[in-house]
Amino acid sequence: MKSKVLKRDPDCDLNITQLIQSKGYPCEEHKVTTSDGYILGIFRIPHGRNASSLGRPVLLQHGLLDAAATWVMNLPDQSLAYILVDAGYDVWLGNMRGNYYSRAHVKYNPDHDEAFWDFSWDDMARDDLPSMIYYILNVTQQTQIGYVGHSQGTLIAFAEFGRPNSVLQDSVSFYAALAPVAHLGHIKSPIKYLSSTSKELELYWHLLFGRNEFLPSSYLTKWLGTFACGEFIIDRLLCQNILFVLCGPENKNMNNSRMPVYLSHEPDGTSVKNMIHYAQGVQTNIFRAYDYGSPQKNQLHYNQTTPPEYNIHAVKIPTAIFWSSDDWLADAIDVAYIFDNLQNIVYEKYVPGYNHLDFVWAISANKLIYSDLLNLMRKYYPFN
């Protein structure tokens with residue numbers, strides 16, 4: 001008897017434009033250049049399959065080691081980007097510097113220049129996020145957008161929207177935070193094992209991973225995977241993928257037939273410096289800028305001996321929070337800091353049994369999260 005040969009899902013081999021077009025939607029690619037020269041590839045689904053008129057713009061911003069494809073990885077009735085565009089919104093998908101779609105600079109070559117990789121989420125918050133928002137407003141001739149962030153997409157939003165005298169938040173009508181991240185001191189992710197109390201945290205990471213792109217060796221991924229997967233390998237392929245190792249390999253809420261698609265598109269790149277910044281957050285449990293390791297170096301960068309702290313209390317945008325106590329990267333204790341300090345939470349939903357990636361990929365997310373999110377959008381940011 002012949003064994004059944006599984007056909008490879010064609011979505012495994014498509015880039016984001018092809019992925020979107022293969023489902024019958026229009027897609028545009030735009031290039032946004034930041035003030036410090038990074039060229040970000042962002043994508044637009046201007047309208048649904050059976051429409052041509054443009055609604056109001058919404059920016060969806062991916063998480064750590066991820067890219068814009070995360071919002072269109074599932075089928076149209078399960079993916080947030082398609083759900084929003086079918087509801088009448090003009091959907092934009094952002095990409096942070098250093099990932100697969102934003103691996104370009106006006107001066108530096110990511111394959112040869114160390115300077116290209118000299119960034120952390122500080123720079124994404126200060127430069128990438130405003131650059132994308134102002135670009136979208138300019139193209140659409142609108143005065144405000146809706147914003148949905150997942151993981152790192154919430155981290156940079158909390159940092160930038162809460163900046164003193166921020167004018168950017170006047171351009172955002174509504175903000176949905178999926179698996180929100182600010183404090184990191186209580187995470188369950190194996191990244192905590194690389195966030196030792198050593199004062200030489202930066203040196204330690206550079207010795208392990210170099211100074212450029214974060215590309216962990218298979219040995220290090222397997223070592224971290226022992227903490228993520230334990231003695232019982234839940235799924236060998238998931239435990240070899242650094243994104244699942246850091247975010248949680250438990251995939252009971254995902255469509256297993258789509259797993260090869262996730263694994264073929266993930267992880268997407270970032271810098272070692274960005275990962276160090278996360279490790280610093282785990283070590284200190286303070287929501288603050290990158291620590292250059294000494295009072296003298298911090299003085300050079302910030303005119304003060306310690307990194308400046310971010311203040312989420314200053315965020316005035318109507319905000320909806322979706323979270324879970326089973327999330328490895330947005331732990332309940334850390335999320336409590338957001339609840340205690342954010343002043344304009346208009347909605348909060350606890351989703352039991354969700355891990356960090358379920359907020360974008362779970363097959364039940366359309367019912368448990370996206371239907372509520374869409375209702376909130378209609379209330380605080382109607383599509384026309």
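The values are calculated or read from the model by the stated rules, or taken from the named source; none is laboratory data. Predicted, not measured: the structure shown is a model, and the values here were computed from it. Note that we place each Cβ from the backbone using ideal geometry, even for glycine, and neighbour counts take in every protein chain shown. The area values use the complete protein model at the heavy-atom level, side chains included, leaving out ligands, DNA and RNA. Shrake-Rupley method; radii C 1.70, N 1.55, O 1.52, S 1.80 Å.
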* Structure fact -> Taking alpha-carbon centroids only, the range 287-348 lies from the range 84-153 a number of Å equal to 20 Å
* Run down the lysines and flag those whose C-alpha is under 24 Å from the C-alpha of Lys297, throwing out any fewer than 8 positions away in its chain. => Lys199, Lys273
* Tell me, for the chain, which Cys residues have no other cysteine's C-beta sitting closer than 4.7 Å. => Cys12, Cys27, Cys247
* Structure fact -> Here, the range 291-351 modelled as identical Cα point scatterers in vacuum has Debye log10 I(q)/I(0) at q = 0.15, 0.27, 0.28 Å⁻¹ of -0.63, -1.02, -1.06
* Structure fact -> With Tyr380 itself left out, Lys, Arg at +1 and Asp, Glu at -1 over residues whose Cβ is under 14 Å from its Cβ give +3
* To do: Would you mind getting the accessible area per residue of the range 245-384, heavy atoms of the protein chains only, 1.4 Å probe, in Å²?
  => 39 Å²
* Highest-MSF residue in the chain out of Asn256, Asn165, Asn285 [GNM, Cα springs under 10 Å] -> Asn165
* **the range 11-381, relative contact order in percent, only Cα pairs under 8 angstrom and at least six apart counted** => 20 percent
* Asked: Whole number please: convex hull volume per residue of the Cα set in the range 11-381, in Å³?
  -> 129 Å³
* Output the antiparallel fraction of DSSP beta bridges having both residues in the chain, as a percent to the nearest 5. => 35 percent
* To do: Would you mind telling me which residue in Ser151, Ser79, Ser35 has the biggest mean-square fluctuation in a Gaussian network model of the chain, where springs connect alpha carbons within a distance under 10 angstrom?
  => Ser35
* Structure fact -> Taking GluC sites (Glu not before Pro) as exposed when in a DSSP loop with at most 15 other Cβ atoms inside 10 Å, the chain has its longest clean stretch at 1-199
* To do: Pop out the ³J(HN,Hα) list for the range 323-332 in order, Karplus 6.51 cos²θ - 1.76 cosθ + 1.60 with θ = phi - 60°, rounded to Hz; leave Gly and Pro as x.
  => 8, 8, 6, 9, 7, 6, 9, 10, 5, 4
* To do: Please list, or write none, the aspartates and glutamates whose alpha carbon is within less than 17 Å of the alpha carbon of Lys316, excluding same-chain residues fewer than 8 places away.
  => Glu160, Asp170, Asp340, Glu348
* Asked: Given the rule -39500 (n - 2.57) for each run of at least 4 DSSP H residues, summed and divided by the residues of the chain, what is its mean residue ellipticity at 222 nm, to the nearest 500 deg cm²/dmol?
  -> -8500 deg cm²/dmol
* Would you mind working out the accessible area per residue for the range 36-176, using a 1.4 Å probe, and quoting it in Å²? => 29 Å²
* Structure fact -> Highest GNM mean-square fluctuation among Ala69, Ala51, Ala289, for the chain with Cα springs under 10 Å, belongs to Ala51
* Jot down the radius of gyration and Dmax of the range 129-199, Cα atoms only, both in angstrom. => 15.5, 50
* Starting with the highest mean, order 127-134, 189-196, 205-212 by the number of other Cβ atoms within 10 Å, averaged over the residues of each peptide. => 127-134, 189-196, 205-212
* **Counted charge near Glu200, where neighbours are those whose Cβ lies closer than 14 Å (Asp, Glu -1; Lys, Arg +1)** => 0
* Structure fact -> For the range 11-381, the accessible surface attributable to carbon and sulfur atoms (probe 1.4 angstrom, ligands and nucleic acids excluded) amounts in percent to 50 percent
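Report the gain in length on full extension from Glu114 to Ser53: 0.36 nm times residue separation, minus Cα-Cα distance, nm rounded to one decimal. Don't skip to the end; give the middle numbers.
Values: separation 61, 0.36 × 61 = 21.96 nm, distance 4.44 nm.
17.5 nm is the gain from fully extending Glu114 to Ser53.
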* Can you spot the lysines whose alpha carbon is less than 16 Å from Lys31's alpha carbon? Ignore those fewer than 8 places along the same chain. => Lys107
* Structure fact -> Counting Lys and Arg as +1 and Asp and Glu as -1 over every other residue whose Cβ sits under 10 Å from the Cβ of Arg97, the net charge comes to -3
